[in-house]
Amino acid sequence: MMKSHPIGNNGQNILVGLVVWGLFWLAACVPTSEPMAIGPTRLSATAVATATTITPPTTAITTTALLAQWNTAANHYDMHPVDATTGQAVPGYRSLPLASDGPYALQTALTADGRYLAAAINNGETCEASGGGSACRARATGLHLVDVAAWRSLTVTLPGAGWVWPMVFSPEGDRLALAYHQGKESQVLLFDAASGVQLGQQFLPIRPSLLSFSADRSLVLAGAAIGENLGVTPPGPFTVLTLDGVTLTEQWLLALPEIVNGSWCTAQCDGPHDQRRTVSWQPGMAASPDGRFLYIVHANEDRLTTVDLDGRTAHTTPIQPAQSWLERLLALTAETAVAKTLGDGAYKSVALSADGQRLYVTGDRWHVDVDAQGQPVQQRELLGLQVVDVADGRLLQTKEIAADRLRLTPDGRYLLLDGWDEDKRWFEVWDANTLEMVTRLEELEITAVPLLNGGYALLAGNTDGFQIYLRLMVAPYFKCAPVWTADGPITWIAGQ
């Protein structure tokens, strides 16, 4: 969504077949060989609308990933499969173009088995009011649907000139669902992954922040309706909605007004931008691996709401350490004092453990006070890291860390954290069970890159403005060495 080009994108088996690599790269980040470069590929833009089929090689490479490189001359991305450990192009494949505008990140989704890929076709931008200012996103006019196994691409037209988010494949990989937004209207579209045929279309009463598939293959959406005056008036209540996975008709709708979600103005809304009083709240959300539960961590307080999608119920519990009976009694009579400020807000970032038992939570909270001279001063607080038991909201572990983003590797073994240390960006790998830091890198963005035959690779990269320098990170110590370079900017398909 942002105007940037991200570089992206289970201990001992984090990379299938990489044991030999690990023996050489457990030393510090120093060159072990000359980097291997991949030059840009020039293709005609007309190839976007042409189905391209090339017979895949007979010898599979277990470390294959999909890499998209920006083609300046053609003004689109060129995607090709590469060996993620060396950067070498997999022989037998011709690059496939992915249409996109340069200022915006490529929006993609990949099936769990790596068979199908969806990429939004971006053309220009679309903007709307947000928090007293405006928010601009890539305008999506179509989709590329790629059969990776057959290496064939087809183009699907979207019904307008809106923007896409979220976009997900079903766990079985046979269907693609996406939320499509134009002005104040939002709708969900459902496609057959193999043929690109649109299976359904349904307008929504909410603008979803989460889209997933439930255990019975229904669609699950969660979010709030936008306010009448976007960015100024409060949004509607936070709502969980389930739709039939075939007809897209409504099955169940549950309003949860205690969950605060959205941005709006609270005072002096007709005044200059710097005098408006606004709030902005973004809760953290995660669906369970089996599609049965939805977990929502409140943005404005330490509370967890669990939605049982099978039983169609919801309950909310405080996130706190285990308490004695006396502490629980006192908590029932306690009152919370709320400071009067010019603006308040927070966002929560969450990741669910692979077994679905623990939530990892981090976030950022801020408020704007008035100093002695009557000038607004913003106060910002990083919330550290919490590990929460989803069964009862019990706080299992906490860590003081100034991270502003949290990710979990696909196997659930490692946490990927990053933040700012003054003017330098840092990235860390932590053991998800012990919460011990394994390694820390500065100015090297870490991406978990999915491999087409299963598993993932951890790659660190930085840029000098003209090329991206990639380094493979190998368990268990995650030391790194220069491996290869690529003409930037690049995007690892479905990397995170």
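So is Val438 closer than 18 Å to Thr63 by Cα and among the β-branched types (Val, Ile, Thr) or not? The answer is no for Val438. When the stretch 445-496 is filtered for residues that are outside any strand (DSSP E or B) and basic (Lys, Arg), only Lys479 remains.
Name the single residue, out of those in the stretch 375-384 being in a strand (DSSP E or B) and either of a type in the set (D, E, K, R) or more than 16 Å from Asn300 (Cα to Cα) (or both), that is farthest from the chain's Cα centre (by Cα). Even if it seems obvious, please write down each step before you answer.
Residues of the stretch 375-384 that are in a strand (DSSP E or B), as a first pass: 376-382.
Filter once more, keeping what is either of a type in the set (D, E, K, R) or more than 16 Å from Asn300 (Cα to Cα) (or both): 376-378, 380-381.
Details: Pro376: 32, Val377: 31, Gln378: 27, Arg380: 23, Glu381: 22 Å.
Out of the qualifying residues, it is Pro376.
Screening the candidates Thr126, Thr86, Thr63 for the property of being modelled with pLDDT of 75 or more, closer than 30 Å to Gly271 by Cβ and β-branched (Val, Ile, Thr) yields one hit, Thr126.
Need a quick list: strands (runs of 3 or more DSSP E) entirely within the stretch 285-365 having at least 1 residues that are over 20 Å from Asp216 (Cα atoms) and modelled with pLDDT under 95. Break it down into steps so the answer makes sense when it comes.
Details: elements: 293-297, 303-308, 313-318, 343-352.
In the stretch 285-365, 343-352 are the strands (runs of 3 or more DSSP E) which contain 1 or more residues that are over 20 Å from Asp216 (Cα atoms) and modelled with pLDDT under 95.
Met473 passes every criterion in (1) surrounded by fewer than 22 Cβ atoms within 10 Å (Cβ to Cβ); (2) at pLDDT 90 or above apart from (1). Screening the stretch 434-479 for residues that are of a type in the set (Ser, Thr, Tyr) and out of contact with any Gly (no Cβ under 8 Å at 6 or more places or on another chain) and picking the one that is farthest from Ala68 (Cα to Cα) gives Thr434. Looking at Gly245, Gly236, just one residue is of a type outside the set (A, V, I, L, M), part of a loop (DSSP other than H, G, I, E, B) and either under 11 Å from Leu219 (Cα atoms) or modelled with pLDDT under 90 (or both), and that residue is Gly245. Number of residues in the stretch 390-420 that are surrounded by fewer than 16 Cβ atoms within 10 Å (Cβ to Cβ), over 18 Å from Ser349 (Cβ atoms) and not aliphatic (A, V, I, L, M): the value is 2.
Do we find a residue being within 22 Å of the chain's Cα centre (by Cα) and on the phi > 0 side of the Ramachandran plot anywhere in the stretch 459-466? Checked the stretch 459-466: no residue is within 22 Å of the chain's Cα centre (by Cα) and on the phi > 0 side of the Ramachandran plot.
Of all residues in the stretch 222-254, those satisfying the criterion of being hydroxyl-bearing (Ser, Thr, Tyr) and crowded, with 18+ Cβ neighbours inside 10 Å are Thr239, Thr242.
The values are calculated or read from the model by the stated rules, or taken from the named source; none is laboratory data. If you're wondering where the values come from, they're calculated on a predicted model, not measured in any experiment. Neighbour counts are summed over all protein chains in view; Cβ atoms, including those assigned to glycine, are modelled from backbone coordinates with ideal geometry.
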